[in-house]
Protein chains: 4
Amino acid sequence: MLVTSPLPAPIGVAVVGAGYWGPNLVRNFQSSPNFRLRWLCDLDVERAQRVLGGYSTVQVSADLDEVLADPSVDAVAIATPAGTHLPVAMAALRAGKHVLVEKPLAATHEEGLQLVEEADKRGLTLMCDHTYCYTPAVLRIRDLLAAGELGELHFLDSVRINLGLVQRDIDVIWDLAPHDLSILDFVLPPSVRPVAVAAHGADGIGAGRACVAYLTLQLNTGAIAHIHVNWLSPVKVRTAIFGGSKRTLVWDDLNPSQRLSIYDRGVDVASPEELGDEQRRDILVSYRSGDVVSPALTEREALRTMVDEYARAITTGAPALTDGRSGLRVLEILQAASRSLAEGGTMIKLNEGHMA
Amino acid sequence: MLVTSPLPAPIGVAVVGAGYWGPNLVRNFQSSPNFRLRWLCDLDVERAQRVLGGYSTVQVSADLDEVLADPSVDAVAIATPAGTHLPVAMAALRAGKHVLVEKPLAATHEEGLQLVEEADKRGLTLMCDHTYCYTPAVLRIRDLLAAGELGELHFLDSVRINLGLVQRDIDVIWDLAPHDLSILDFVLPPSVRPVAVAAHGADGIGAGRACVAYLTLQLNTGAIAHIHVNWLSPVKVRTAIFGGSKRTLVWDDLNPSQRLSIYDRGVDVASPEELGDEQRRDILVSYRSGDVVSPALTEREALRTMVDEYARAITTGAPALTDGRSGLRVLEILQAASRSLAEGGTMIKLNEGHMA
Amino acid sequence: MLVTSPLPAPIGVAVVGAGYWGPNLVRNFQSSPNFRLRWLCDLDVERAQRVLGGYSTVQVSADLDEVLADPSVDAVAIATPAGTHLPVAMAALRAGKHVLVEKPLAATHEEGLQLVEEADKRGLTLMCDHTYCYTPAVLRIRDLLAAGELGELHFLDSVRINLGLVQRDIDVIWDLAPHDLSILDFVLPPSVRPVAVAAHGADGIGAGRACVAYLTLQLNTGAIAHIHVNWLSPVKVRTAIFGGSKRTLVWDDLNPSQRLSIYDRGVDVASPEELGDEQRRDILVSYRSGDVVSPALTEREALRTMVDEYARAITTGAPALTDGRSGLRVLEILQAASRSLAEGGTMIKLNEGHMA
Amino acid sequence: MLVTSPLPAPIGVAVVGAGYWGPNLVRNFQSSPNFRLRWLCDLDVERAQRVLGGYSTVQVSADLDEVLADPSVDAVAIATPAGTHLPVAMAALRAGKHVLVEKPLAATHEEGLQLVEEADKRGLTLMCDHTYCYTPAVLRIRDLLAAGELGELHFLDSVRINLGLVQRDIDVIWDLAPHDLSILDFVLPPSVRPVAVAAHGADGIGAGRACVAYLTLQLNTGAIAHIHVNWLSPVKVRTAIFGGSKRTLVWDDLNPSQRLSIYDRGVDVASPEELGDEQRRDILVSYRSGDVVSPALTEREALRTMVDEYARAITTGAPALTDGRSGLRVLEILQAASRSLAEGGTMIKLNEGHMA
């Protein structure tokens, strides 16, 4: 579990961006005793005011410089389009503020790297809002994998499909796959990592970018991870299957009464050494058909836990669980996936080991 | 709907193979007035006798020649391992019998082609038991696509996963994907066809062959079809989403009370010509959020309908809905998928147009 | 659909009670342009302040008189325990304020009647917060029944079970059944009404009051309505089946993608006059097996619609859709159910016709 | 688990009745090595022949006497309408045959009693085909209750609804509730038993008998059992919740991958003695929110297990798990329910203790 040690004095924070995601940050910073929300900043101040509502004492501004100049602001949270992350976050870092950035960390790996290096240089917290990593379900999956409850991971199959908002600037991979990739990055044990990715996709509706896409990742262990993201599905599905050598975990995020199910069912293959000559042809495979356990999960809003982790990282100076480097690793896969998509599905090697 | 005109006299039939699938054929031939089951043939006559039970008048034999020499046998149905399809079916054709073969048609495209040519030469029916094509759901999907109810097909996403019997000789693609590929072949309008396929997979359990696999097919229209087959999933899923320009159909084969759902929900993109300059940036996309309709389906066993279609083809001399050529088209994709899998996911072009 | 005509000036409103339900009222009044939230009143001002959070300009008070004395307060919304509804609402009415009361309207039918009469005398709006009536699903059910889409109602089966908060002062019937009873009152055509009720229940855990209960209502048409309420179920179920002579509607409130399903399936019985003597024994019953339609629903928060309806009633002077009289009708059934429960399940006649 | 000791020689058996249920008995007797099916007897021999199909060596007859006169027939299985159970079963017993009767045991408790006494007198097996009791799920529920895994049973809520065949002679209670009542009888520990029943119902469609009904049973422990049976529901539901003091079990018979779920979730009430004065008002209730476990079940056809139990009872002379007395206990409740229904829902006491 995450341990949070609240500050004596709350951290002054400003939210930048009052669009789709900003209001959620506003609400969670307001309800956290670790933070004091000072500003909501948006180029459209009326939108910002609407988000705050007619009863709020929080200040609004269209001027980022004004916000960054406020010494009561210790930290910022950026929920603007990905293309603006570099300038906004860089300005904040240079103003000496801790920075939380909505996923993806930046528009490119190169831009993200600039942010990571700037934060390192200044000793500031740089955190990526990989919200799903802070759901009780994903935190539990991480613990289960770390404790070896599933054994070796053989395959991961993740499906995230819905009738989605077709984005103007990015395709469905950049819109939705950061969730799955950040979860993968978060739950995998340190010794396991993706080494290559291939992507296939289709536009379908003539939107000018992929609206349906499939990512296949090779892991260094020989395991496979596969991600289906889709803006065009009238049915909403958010499931992931973590197939392990000992047990298999199914995460159905739309089933609140049973989000996680751990199946003690599977296929075992005897190693040839254990078998006599006769058997070798016939008894290779056996099946387990055990119980299914659905562990009880607390129902805590992920964003609230994420906000507390931001406070912890700022206070202790230790990297956040989803720090800038995790954002970089996700960006590297996204870029490789885009290249694969452009090349008709070529498997692209990742260099991720180099900088982590 | 299928129209069946029963023969005056029932067709004498012999089932070859009393393993996993044979008993289903035995049961359905026995309950069809169009057929008279004469023999159940299996190398293991005790197994054949067990399938028939202790109360049957049907003859058993371990000797295919004996069965084929019986003039009361007009037709055979072969449910033996794929590797034996060529010799068994060829012997039957050469004995002048009509032939029904369990999927896949043969172990290779080349072998399948020999069977098609032999049947053509002799004017005999050669049919492939693509059972799923005869489910009320798939027959309805075919009708809906033909009638344009879904509009243009944009994507197909098919998932067929379960804790499966790991096969000794074939991988999960050859075991399960014939279902999805034969359905695809069956429901697509004549002008739409796959032109390339890529496959990724993983072994996972050390079975020596892919136990988890993903197929991506490019269609000649630019649409995408994707198939997930998996022997290692403790949860059973059999769904397919047919995303169309007008409506999207979801087939959930494990939901008997609502197998098909037609969603009048989707994303529409205005064509640029319809838009003024101002709009071009902003109003490209609109969303439909209409009703969902689940059409009533009859609950008829697919094998029963398949058996009737076999009778119809034999009687009329017209090709069966799933004739040898459809089996060949499936084989071609399977072979290309195997090649792609071996090459790490390369997209392999199909030559399917050449011979159909 | 509800038509709302917003006031030129927003209605000043005070929320009384900052416990379980009050925060929801606070949030919805704040986001409605029809209202201006002036006060949150609770005996525990710290609790009230916590509900408002650290950024609010809304005033708090522990003193109801202070709130009622504020001339900028036109209306109050009461979310205190049922036992206090009479004095709090009566004080508000006597201060000339419109009143919205959380369900149930009062602790007894007699107390509720006093409130209805006081509001009538003073020409003030008295409304009961039967929240579920304002869900898109229930509004649609009401429309469907009114339009005759289901035909005559034959039976209603409602299940509302969950691991619930065992209440200190009331049993599960008074806690949960007001939802079902208010929905029933809301959707039934004017000519159809309950005429008797029986209740069975069990304590189970030694809580000193029924934690599991079943209500059976006879309607004046011969139809039956049955309600299962349960605090002890680890699974959450919220379904209602409206069985009609033409179609049957199933409401599954926990299935956001398909809350309503209208089944064109059912049993038809031919009237004896239509049948010859021979047939009378044999062909009485026929079955329809038509499509299922799930109408698209807007996803609007019920409380928001309820708040708008409160504004409409205040502004126009017309009774709210869930006015005090509907609250009274629900109270009468609750009291009769309690009497039946005490008497071991006797069917208790309702006098509801007398005063509505 | 059931222990079966197959006979050296199979038991000769005749099935009487080739209607809805008879074919299932035919199939299961044929596949059991414990039995040799000698006859299928039906007034309509063509129907009987159709059930056997065109390949069977089993004899058919319209003449019960002929069948009973066959010395190779040791046992009969009766699947005729309930009104005929007495004469058919009595004739079989008097001919010295063991008897299995489809539920309900007879048309009335009085008739059932005659059969029980006749079988006792002759030392013959009389068994009632309460099929559901032999499902892996119910067998497991029985074990769990016996082992105290659920603690004390607080409530049972059973729902068995579907678009059903409206019967000509019996109402929905007599058609469907025998399933639930026999299960209740089967799984309850010996010290727990129903002591009273009330029934409410409605006709709805003018069928002349209840098509929707609710049974409420009081158990001698203060627990409640409630059964909803319904012929008019377009959705099929077969669930039962067994609420216990320690755990709660949910049986969803239509969810093959998770039929049973055991919830370690619930409400605990501290006994007053454990509490101080202060606490007594406030800390009465606590909540458990533990894991859910779905035990692995074998997938064995219930009828096959029932048939084996029939063989065991015949061979050993010990009463079958669902012997004639269990059939009598179910009949007593059915009759009391009918009386309650006729009297508008009066709670009717059961005398069941007297004869069991």
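Every number in this text was worked out from the coordinates using simple rules, so none of it is lab data. Nothing here was measured: the structure is a model prediction, and the numbers come from that model. All Cβ positions, even for glycine, are placed from backbone atoms using ideal geometry, and neighbour counts span all protein chains on display.
Just a few scattered comments:
- Paramagnetic reach from A:Ala270 (point 7 Å along Cα→Cβ, amide N under 20 Å) across the range A:134-151: none
- Near C:Val16, the amide H atoms lying under 5 Å from its own belong to C:Cys41, C:Ala77, C:Ile78, C:Ala79; only residues 5 or more places off or on other chains count, and H is placed 1.01 Å from N.
- Reachable lysines, given that their alpha-carbon falls under 30 Å from the alpha-carbon of C:Lys97 and they are not under 8 places away in the same chain: C:Lys121
- Counting, for every residue in C:293-299, the Cβ atoms of other protein chains within 10 Å of its Cβ and taking the mean gives 4.
- Total formal charge among the other residues, if their Cβ is under 13 angstrom from that of C:Arg36, Lys/Arg +1 and Asp/Glu -1: -1
- Euclidean distance between Cα centres, the range B:128-164 to the range A:193-264, Å: 22 Å
- Membrane-span-like helices in chain D (whole DSSP H runs, Cα extent of at least 18 Å along the helix axis, mean Kyte-Doolittle hydropathy of at least 0.0): D:172-187, D:302-316, D:324-342.
- With contacts taken as Cα pairs under 8 Å and at least 6 residues apart, chain C reaches a relative contact order of 19 percent.
- Using a cut-off of 31 Å between Cα atoms, the listed pairs C:Lys246/D:Lys349; A:Lys236/D:Lys246; A:Lys103/A:Lys236; D:Lys103/D:Lys349; B:Lys246/C:Lys236; D:Lys103/D:Lys236 include C:Lys246/D:Lys349; A:Lys236/D:Lys246; B:Lys246/C:Lys236 as exceeding that distance.
- Taking 25 °C and 0.890 mPa s as conditions, the range D:11-129 diffuses translationally at an estimated 175 µm²/s according to Stokes-Einstein applied to its Kirkwood radius (Cα pairs).
- Spacing of the two label points (7 Å from each Cα toward its C-beta) at B:Arg288 and C:Thr298, in nm: 2.1 nm
- For the peptides B:92-102, D:257-267, B:66-76, residues were scored by their other Cβ atoms within 10 Å and the scores averaged per peptide; the highest-first order is B:92-102, D:257-267, B:66-76.
- Rg/Rh (Cα only; Kirkwood hydrodynamic radius) as it applies to chain A: 1.01
- Helical runs (DSSP H, four residues minimum) scored at -39500 (n - 2.57) apiece and divided by the length of chain C put the mean residue ellipticity at 222 nm at -10000 deg cm²/dmol.
- Charge dipole of the protein assembly as shown (Cα centre as origin; +1 on each Lys and Arg Cβ, -1 on each Asp and Glu Cβ, all else neutral): 0 debye, rounded to the nearest 20.
- Cβ-derived FRET efficiency at R0 22 Å, C:Asp70 paired with C:Asp120, nearest 0.05: 0.35
- Average Cα contact separation per residue, the range A:11-129, under 8 Å, 6 or more apart, as relative contact order %: 23 percent
- Counting every other Cβ atom within 10 Å of each residue's Cβ, C:His200, C:His130 order from fewest to most as C:His200, C:His130.
- Length released on extending from D:Leu43 to D:Ser257, taking residue separation times 0.36 nm less the Cα-Cα span: 72.9 nm
- Ordered by the count of other Cβ atoms within 10 Å of each Cβ, fewest first, A:Asp63, D:Asp185 give A:Asp63, D:Asp185.
- Inter-chain neighbour count for C:146-155: the average number of beta-carbon atoms from partner chains within 10 Å of each residue's beta-carbon is 2.
- Between amide H atoms placed 1.01 Å from N, distances below 5 Å from D:Leu163 occur with D:Ser233, all of them 5 or more places distant or on a separate chain.
- Label point distance in nm, D:Arg50-C:Asn220, each placed 7 Å from Cα along Cα→Cβ: 4.9 nm
- Residues C:Glu110 and A:Val192, FRET efficiency given R0 of 60 Å [Cβ-Cβ distance, rounded to 0.05]: 0.30
- For B:202-210, mean number of other protein chain Cβ atoms within 10 Å: 6
- Relative contact order (%) - the range B:199-263, alpha-carbon pairs under 8 angstrom, separation at least six: 18 percent
- In sequence order, the range A:154-162 has phi-based couplings of 9, 8, 10, 10, 10, 10, 9, 10, 5 Hz under the Karplus curve 6.51 cos²θ - 1.76 cosθ + 1.60, θ = phi - 60°, and Gly or Pro positions carry x.
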